[in-house]
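Here is the structure we will look at, set down as structure tokens.
The values are calculated or read from the model by the stated rules, or taken from the named source; none is laboratory data. Please read all numbers here as calculations on a predicted model, not as lab measurements. We place every Cβ from the backbone using ideal geometry, glycine too, and count neighbours over all the protein chains shown.
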2 protein chains.
Amino acid sequence: MTDATLVAVFAALGDDTRWSILAALGEGEASASALAERLPVTRQAIAKHLAVLREVGLVEPVPAGRELRYRVVGAELTATARRLDAVGAEWDRRLSAIKRIAEGL
Amino acid sequence: MTDATLVAVFAALGDDTRWSILAALGEGEASASALAERLPVTRQAIAKHLAVLREVGLVEPVPAGRELRYRVVGAELTATARRLDAVGAEWDRRLSAIKRIAEGL
DNA sequence: ATTCAGTGCAACCGCAGAGTTGCACAATTT
DNA sequence: AAATTGTGCAACTCTGCGGTTGCACTGAAT
């Protein structure tokens, strides 16, 4: 996964409706139509969101008969979390080093 | 920190320019004007981004004489990472439980 | 054969936001 | 006193995107 897609993942996670979808999928696979019944948005809107989530790997299509269900990929979230943590730790490390130098220690 | 602000943090992280700013700040504190010299955007644009980052706690203003520098808050990133990881783990746990039940185990 | 979900594609609307220019103001320098 | 530098605020443009409606297609059910 590249840095460019990291930003894309965050952009995907920066929308309330998509979090609602992810939360709903967290209770089990569901199709776009099924999600549209639970959420206050159109099926087409949900389909678009699912496409976005799919492109960044947060969600996975699961063909079930004639309908297309989606499953949330928790592993992608944990992977993103690890990378985020690494960046934060690195910045803290570098900045505290700068601070020490500035203080002449 | 609430769930609503979690989404806001991700929205803030879902922009390339803001990552450029964060990366630049990762090498040391800097003012909006200083950042504008390194990045291909106007000072005003940077000021707006800094305001966004500040509202979600990813960045901190540091008055330095007459100019206003900003410092990246790595701790906020690591905190966000932890929460993200927790959500991912929970979803994986619940979904694998559902899967076991569906398989009749 | 026909109705009935479920999906996909396309066009359109409205708004938020990323970026710009322009101006006004305070502190610093010369 | 004048020029310089850093900041803040306001208005404007324009693209992106969340959401909608509408239509066409396919597989299942009656």
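Assorted remarks:
- Residue check, A:GLY26 under 21 Å from B:ALA97 (Cβ atoms), away from DNA strand D (no atom under 16 Å from the Cβ) and surrounded by 15 or more Cβ atoms within 10 Å (Cβ to Cβ): yes
- Which listed residue is out of contact with any Cys (no Cβ under 7 Å at 6 or more places or on another chain), within 12 Å of DNA strand C (Cβ to nearest atom) and part of a helix (DSSP H, G or I), from A:ALA34, A:ALA24, A:ALA12, A:ALA75: A:ALA34
- The residues of the range B:74-94 that are more than 7 Å from every other protein chain (Cβ to nearest Cβ) and either modelled with pLDDT under 90 or buried (at least 17 other Cβ atoms within 10 Å of the Cβ) (or both), listed by number, are B:GLU76, B:ALA79, B:ARG93.
- Members of the range A:51-73 found to be within 14 Å of chain B (Cβ to nearest Cβ) and farther than 20 Å from B:ILE98 by Cα, listed by number: A:VAL52, A:LEU53, A:GLU55, A:VAL56, A:GLY57
- Every condition in (1) away from DNA strand C (no atom under 16 Å from the Cβ); (2) surrounded by 14 or more Cβ atoms within 10 Å (Cβ to Cβ) holds for A:GLU103 except the one numbered (2).
- Filter result (under 17 Å from A:LEU95 (Cα atoms) and among the hydrophobic types (A, V, I, L, M, F, W, C)) within the range B:37-63: B:LEU58, B:VAL59, B:VAL62
- Single residue of the range A:37-49 satisfying the filter (part of a helix (DSSP H, G or I) and within 11 Å of DNA strand D (Cβ to nearest atom)) that is nearest to the other protein chains (Cβ to nearest Cβ): A:HIS49
- Listed by first and then second residue, the pairs with beta-carbon distance under 7 Å, at least 6 apart or on different chains, first residue in the range A:64-83 and farther than 13 Å from B:GLU90 by Cα, second of a type in the set (Gly, Ala, Ser) and not in a helix (DSSP H, G or I), are A:GLU67/A:SER31; A:LEU68/A:SER31; A:ARG69/A:ALA30; A:ARG69/A:SER31; A:TYR70/A:ALA30.
- Among (1) under 21 Å from A:ALA86 (Cβ atoms); (2) touching a Phe, Trp or Tyr at 6+ places or on another chain (Cβ under 9 Å), the one test that B:VAL62 misses: (1)
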